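Here's the structure, in structure tokens; my notes come after.
The values are calculated or read from the model by the stated rules, or taken from the named source; none is laboratory data. Worth saying up front: this structure is predicted, and the values here are computed from it rather than measured. Don't worry about glycine lacking a Cβ; one is built from the backbone with ideal geometry, like all the others, and counts go over all protein chains shown. Quick note on the areas: whole protein, heavy atoms, side chains included, nothing else; ligands and nucleic acids left out. Shrake-Rupley method; radii C 1.70, N 1.55, O 1.52, S 1.80 Å.
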Amino acid sequence: MAHPSLRHSGVLSVSALASAAALAFFANAADAAPPIRTGATNQVPACVTPDRLMTFLSQRNSRLDARYANIARFYKIYGEGWHVRWDFAFFQMAIETNFLKFQRGDGSRGDVRETQNNFAGIGATGNGAPGERFPDVATGVHAQIQHLVAYSGERLAQPIAKRTRENQDDIIAKSHRLGRPVTFADLARRWAADRQYGKSIDFIAGLYNEQYCTGEAHAAQETAAPAPQPAYRWRDLPLQPSGLGGPVPDHVADPKDSR
């Protein structure tokens, strides 16, 4: 299982993000720490869009590399394909990478570098371990989404990440012991060593919610004309095995035709 150390991987400390009172407020919000997998009562809110996520990200990283221009859309594509709360996966990425700066709060480098396309510290277990490397941004996002699928308790047929392949049986067994849907709060002390890991993700979600999903700002956003979107679909991305319950690429008309 992935277990990146907060001291080494460059993730944001919750104490550096907010006061205890603000954190408690967001931790107790109605949408705090949702289940990893989507369902009838657990959907990504309509106020969450890739464009808004990118604006939210760029407001906190004024030097955002242009190669990340479509990263939020990749979270949506792969998250919807695997039925994962891709908004919270995006917020997890923001915590793990310090909004894609790949630096700690003091400006020092973490173990994971931007060239690795590893957005959630997969395999970065501390003591200088850099974690896994993925060939491009889309694959790195896909690997994170798949790792979340394993933490939700579902076994993948052929995971992208070596860490997922080698550890998913243990990850899944521990998840099943909960006897309920696994939430992002349950990632604390498992995905990351920090007891407050889930609350840190909740806090970032709360910042987004306050800016885009409530009050006048939300109303103004809802009346704005949507920006044109590139036609990203499964057929535009590298073919990956679907696994159990995962997405079937839309260029495969019938699973029996797949070779």
So is L178 over 17 Å from Y78 (Cβ atoms) and touching a helix residue (DSSP H, G or I) at 6+ places or on another chain (Cβ under 6 Å) or not? no
Going by what's in this entry, would A129 be described as within 14 Å of the chain's Cα centre (by Cα) and farther than 20 Å from F74 by Cα? no
Can you pull out the residues in region 97-129 that are out of contact with any Leu (no Cβ under 9 Å at 6 or more places or on another chain), under 22 Å from R189 (Cβ atoms) and assigned to a loop (DSSP other than H, G, I, E, B)? G110, D111, V112, N118, G121, I122, G123, A124, T125, N127, G128
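Go through the residues of region 166-173 one by one and say whether even a single one is of a type in the set (G, A, S) and in contact with a Phe, Trp or Tyr (Cβ under 9 Å, 6 or more places away or on another chain).
Quick first cut of region 166-173, residues of a type in the set (G, A, S) only: 173.
Narrowing the set further to residues that are in contact with a Phe, Trp or Tyr (Cβ under 9 Å, 6 or more places away or on another chain) leaves none.
No: zero hits.
Does any residue of region 185-193 turn out to be more than 24 Å from A94 (Cα to Cα) and of a type outside the set (F, W, Y)? Break it down stepwise before answering.
We begin by selecting, within region 185-193, every residue more than 24 Å from A94 (Cα to Cα); these are none.
No, the conditions are met nowhere in region 185-193.
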Top-ranked residue in region 168-194 [being at pLDDT 95 or above and in contact with a Pro (Cβ under 7 Å, 6 or more places away or on another chain); ranked as most open to solvent (accessible area, probe 1.4 Å)]: P181
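Please enumerate the residues belonging to region 55-96 that are part of a helix (DSSP H, G or I) and β-branched (V, I, T). Break it down stepwise before answering.
We begin by selecting, within region 55-96, every residue part of a helix (DSSP H, G or I); these are 55-60, 66-68, 71-82, 86-96.
Within region 55-96, T55, I71, I77, I95 meet the criteria.
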Would you point out which residue out of G153, G123, G110 is on the phi > 0 side of the Ramachandran plot and at pLDDT below 95? G123
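In the set A120, A124, A150, which member is within 11 Å of the chain's Cα centre (by Cα), of a type outside the set (S, T, N, Q) and surrounded by 24 or more Cβ atoms within 10 Å (Cβ to Cβ)? Full working, then the answer.
Numbers: A124 fails: within 11 Å of the chain's Cα centre (by Cα); A150 fails: within 11 Å of the chain's Cα centre (by Cα).
A120 is the lone residue from the list that is within 11 Å of the chain's Cα centre (by Cα), of a type outside the set (S, T, N, Q) and surrounded by 24 or more Cβ atoms within 10 Å (Cβ to Cβ).
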